[in-house]
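Undergrad: Submitted below is the structure of interest, expressed as structure tokens.
Just so it is clear, none of the values below were taken in a lab; they were calculated from the coordinates. Fair warning: this is a prediction, and the values are worked out from it, not measured in the lab. We place every Cβ from the backbone using ideal geometry, glycine too, and count neighbours over all the protein chains shown.
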Amino acid sequence: MHLDDLTVGQAKQLAAMFQPHAQAMGDAREASPFDALLGKNIMIRTVTMIFTGRLLAVYPQELVLVDAAWIADTKRWQQFISDGGIDACEPYPEDQRVIVGRGALIDATEWLTALPRAQQ
């Protein structure tokens, strides 16, 4: 058998043998730690402060949030994480999709209090 004689299906099978973590069908990508947070409220700390929102989609280079807010200033970190202590908040319109580049991400966690929706 020569590589030039492979069918498209055979080439896909061969490629899959070298990508054990990729999905077998559709948009093949490796699993992400964010996959477990899909549909949940999250906090993302970035190089330009913080975003909160409900995680709608995960892509290799981006995360998509809805009901999002950009948090410019917080109370002490522990107060912010446990109680949602915020000093400055700029919410996006309800249901507007917000795309956050993963290259700007520092850390992220599930957000356990109500999403901030009022400007402060």
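Undergrad: From the list (1) 14, 35, 30, 17, 4, 0; (2) 14, 45, 32, 9, 1; (3) 13, 37, 22, 12, 10, 5, 1, can you say which value of P(r) over Cα pairs in 10 Å bins from 0, in percent was derived from the structure given?
TA: Evaluating P(r) over Cα pairs in 10 Å bins from 0, in percent on these atoms matches (3).
Undergrad: Could you order the peptides 36-48, 85-97 from most to least packed, using the average number of other C-beta atoms within 10 Å per residue?
TA: So the order, starting with the most tightly packed, is 36-48, 85-97.
Undergrad: If you don't mind, there's one more thing I want to ask. Specify the angular offset, from 0 to 90 degrees and rounded to the nearest 10, of the alpha carbon long axis of helix 8-17 from the longest principal axis of the alpha carbons in the chain.
TA: Here the helix axis deviates by roughly 60 degrees.
Undergrad: How large is ³J(HN,Hα) for each residue in region 93-103, as worked out from phi by the Karplus curve 6.51 cos²θ - 1.76 cosθ + 1.60 (θ = phi - 60°), to whole Hz, x for Gly and Pro?
TA: So the Karplus estimates, Gly and Pro as x, are x, 4, 6, 6, 7, 10, 9, 10, x, 6, x Hz.
Undergrad: Let me ask you something else. Modelled label-to-label distance, Asp87 and Val64, 7 Å Cα→beta-carbon offset: nm?
TA: 3.5
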